[in-house]
Amino acid sequence: MRSPLLLSLLFLAGVNQAADLKLPMKEKSVRFAIIGDNGTGEKPQYDVGKEMLACYGKFNFDFVLMLGDNIYGGHSASAFKRTFEDPYAGLLQAGVKFYASLGNHDSTNERYYKPFNMDGKQYYSFKRGDVEFFALDSNYMDPEQLDWIRKQLSGSSARWKICFFHHPLYSDGKMHGPDLDLRKRLEPIFVEFGVSVVLTGHEHFYERIRPKSGITHFVLGNSGQLRVHNLRRSEDVAKGFDTDCAFALMESTGDELHFQTISRTGETVDSGVIAPRGKP
Amino acid sequence: MNRLFSMGLFFYLPLLLLAQAKVNQGSLTLQEFDHLVMDYAKLHKTVRSKIPAMKPTKEPAAIDQHERSLARGIREARATARQGLIFTPEIAAQFHALLDQTMHGPEAARIRESMKQAAPVQLPAISVNAAYPSGAPLQTTPPSLLANLPKLPPELEYRVVGRSLILRDIEANLIVDYLSSAIP
């Protein structure tokens, strides 16, 4: 529901035209947005923030997942303002929550920054409706964290289990590529305990990878940063976008998880539906 | 048959005993490492107990202030700290052996790929009691590497910088010790 406050915020933000949203936008669904490698403090990040706010006007997502590299450079108070508080001011004022994971450019002590909702932890989980989210610290996947995620996933009865962190297990990036050691350790746990979706960043483009062992992997590291034409042609790429910045929206309706990826200019660059694990 | 067995024993027993002695020495050295990092963790807690506790806050300046105060307190408490205080020559030798084994073992190729993927970090200089430079990325420490290194108390972590292995105080963002040429 759009409040007068929200409408004023949208007006004040000089809002971009919201993308043509195709999600089902059902009542009582779990709605969220996703950004990665966003914390540059530069114009493209602000443009993405404006487009997100425009989409919020239509889609009313409750929270935003952050895939790491939330703040580039130093971590002074002004850096937090320039790279987070200002670009997403409208969303923050509207009460949208942000849940962060840590990238290689982040300070570990960002976990104490309340608006990132990490509660002082490098890895954590939270649940919304039938979806459970697991934020991992892929910078430091020690045996303790591996034990933790195994226990959390095995104990979760959520219909949808979504893991998000910085370094991709699959990627067709020319710059980095997949983290094979991380994949070797995490993928068997994800497969065993029914993770449906893995969201990562690090590569400065958008890529949806054809499902691997039943898991759909997204790489979304262009919500502020951009590495133009850095995506390699590969049969693994279900959809790629490496010519502008982007963010994604997701909606769980219980039986299905809908997604739509939107560029900073409001163009829909990908959309689709994911079925829960074990279903065709 | 008995004679053959006795001869075998005669030749191989000293080698077996020598190997066992090396293993025992290795585990004693790692126990010593455990003691040293636990001592450090104790010192960290003592210093931390003297400054306001860090709780989630909306104020980034408070986070920065806490990090700096903790680092300052630890620096004062370890004013004479230098490289090799935790990675003593014996412990360093043991770590070199562990890392050598890992980096030449069946997981080596994957670990090297992972390190390459993670955007390798080079710092102009590394020194004990210095802050890990604000703004410099933290390179991923590959999980298979971590699985082969001794466990650390929660106050500390291993980080790879170039070919060095750093012991970093997470909350104080402080370099506690480092091992040069650790990654073969």
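The values are calculated or read from the model by the stated rules, or taken from the named source; none is laboratory data. Since the structure is predicted, the reported quantities are computational estimates derived from the model, not experimental observations. Neighbour counts run over all protein chains shown; Cβ positions are idealised from the backbone, glycine included. For the accessible areas, the whole protein counts, side chains as well, though only heavy atoms, and no ligand, DNA or RNA atoms are used. Shrake-Rupley method; radii C 1.70, N 1.55, O 1.52, S 1.80 Å.
Residue A:53 meets the conditions (1) closer than 25 Å to residue A:217 by Cβ; (2) in a helix (DSSP H, G or I) in every case but one. The failed one is (1). The set of residues in the stretch A:229-249 being surrounded by 24 or more Cβ atoms within 10 Å (Cβ to Cβ) and in a loop (DSSP other than H, G, I, E, B) consists of A:245 alone.
Of all residues in the stretch A:129-186, those satisfying the criterion of being in a loop (DSSP other than H, G, I, E, B), open to solvent by 10 Å² or more (accessible area, probe 1.4 Å) and within 14 Å of chain B (Cβ to nearest Cβ) are A:140, A:142, A:170, A:171, A:172, A:174, A:175, A:176, A:178. Does residue A:202 count as farther than 17 Å from residue A:269 by Cβ and open to solvent by less than 50 Å² (accessible area, probe 1.4 Å)? So residue A:202 passes the test. Taking (1) under 18 Å from the mean Cα position of the chain (by Cα); (2) in a loop (DSSP other than H, G, I, E, B) in turn, residue A:208 satisfies each apart from (2). Of all the numbered requirements in (1) under 16 Å from the mean Cα position of the chain (by Cα); (2) within 14 Å of residue A:19 (Cα to Cα); (3) open to solvent by 30 Å² or more (accessible area, probe 1.4 Å), residue A:226 misses one, and that requirement is (2).
Filtered by the rule that a residue be part of a helix (DSSP H, G or I) and of a type in the set (Ser, Thr, Tyr), the stretch A:100-128 gives A:108, A:112. Facing chain A (nearest Cβ under 8 Å) and either open to solvent by 40 Å² or more (accessible area, probe 1.4 Å) or farther than 23 Å from residue A:109 by Cβ (or both) - does that describe any residue in the stretch B:81-89? So far as the stretch B:81-89 goes, no, none of its residues is facing chain A (nearest Cβ under 8 Å) and either open to solvent by 40 Å² or more (accessible area, probe 1.4 Å) or farther than 23 Å from residue A:109 by Cβ (or both).
With respect to the conditions (1) under 12 Å from the mean Cα position of the chain (by Cα); (2) within 13 Å of chain A (Cβ to nearest Cβ); (3) aromatic (Phe, Trp, Tyr), residue B:132 lacks only one, and its number is (1). Exactly one residue out of A:98, A:61 is away from chain B (no Cβ under 14 Å), touching a residue at least 12 places away in the same chain (Cβ under 8 Å) and either among the hydrophobic types (A, V, I, L, M, F, W, C) or touching a Lys or Arg at 6+ places or on another chain (Cβ under 6 Å) (or both), and it is A:61.
Answer with yes or no whether residue B:184 is in a loop (DSSP other than H, G, I, E, B) and either at the interface with another protein chain (Cβ under 8 Å from one of its Cβ atoms) or in contact (Cβ under 8 Å) with a residue 12 or more places away in the chain (or both). Against the criterion (in a loop (DSSP other than H, G, I, E, B) and either at the interface with another protein chain (Cβ under 8 Å from one of its Cβ atoms) or in contact (Cβ under 8 Å) with a residue 12 or more places away in the chain (or both)), residue B:184 qualifies.
Checked against (1) on the phi < 0 side of the Ramachandran plot; (2) open to solvent by 30 Å² or more (accessible area, probe 1.4 Å); (3) not small (Gly, Ala, Ser), residue A:119 meets all criteria but (1).
Screening residue B:166 with (1) more than 10 Å from every other protein chain (Cβ to nearest Cβ); (2) open to solvent by 20 Å² or more (accessible area, probe 1.4 Å) gives one miss only, at (2). Scanning the stretch B:147-161 for residues that are touching a His at 6+ places or on another chain (Cβ under 8 Å), at pLDDT below 95 and either facing chain A (nearest Cβ under 8 Å) or open to solvent by less than 20 Å² (accessible area, probe 1.4 Å) (or both) turns up nothing.
For the stretch B:96-104, indicate whether the set of residues that are under 20 Å from residue B:148 (Cβ atoms), within 14 Å of another protein chain (Cβ to nearest Cβ) and open to solvent by less than 70 Å² (accessible area, probe 1.4 Å) is non-empty. Looking for residues that are under 20 Å from residue B:148 (Cβ atoms), within 14 Å of another protein chain (Cβ to nearest Cβ) and open to solvent by less than 70 Å² (accessible area, probe 1.4 Å), one finds at least one in the stretch B:96-104, hence yes. Any residue that is open to solvent by less than 10 Å² (accessible area, probe 1.4 Å) and within 14 Å of another protein chain (Cβ to nearest Cβ) - is there at least one of those in the stretch A:206-214? Within the stretch A:206-214, not a single residue is open to solvent by less than 10 Å² (accessible area, probe 1.4 Å) and within 14 Å of another protein chain (Cβ to nearest Cβ). Evaluating residue B:172 against the criteria (1) assigned to a loop (DSSP other than H, G, I, E, B); (2) at the interface with chain A (Cβ under 9 Å from one of its Cβ atoms); (3) crowded, with 21+ Cβ neighbours inside 10 Å leaves one unmet condition, (2).
I'd like to check something: does the stretch A:49-61 contain any residue that is more than 18 Å from the chain's Cα centre (by Cα) and open to solvent by 10 Å² or more (accessible area, probe 1.4 Å)? The answer is yes; a qualifying residue exists.
Suppose we filter the stretch B:32-64 for residues that are open to solvent by 90 Å² or more (accessible area, probe 1.4 Å) and at the interface with chain A (Cβ under 10 Å from one of its Cβ atoms); how many remain? Of the residues in that region, 3 qualify.
Residues in the stretch A:104-151 that are more than 19 Å from the chain's Cα centre (by Cα) and of a type in the set (D, E, K, R): A:142, A:144, A:147, A:150, A:151.
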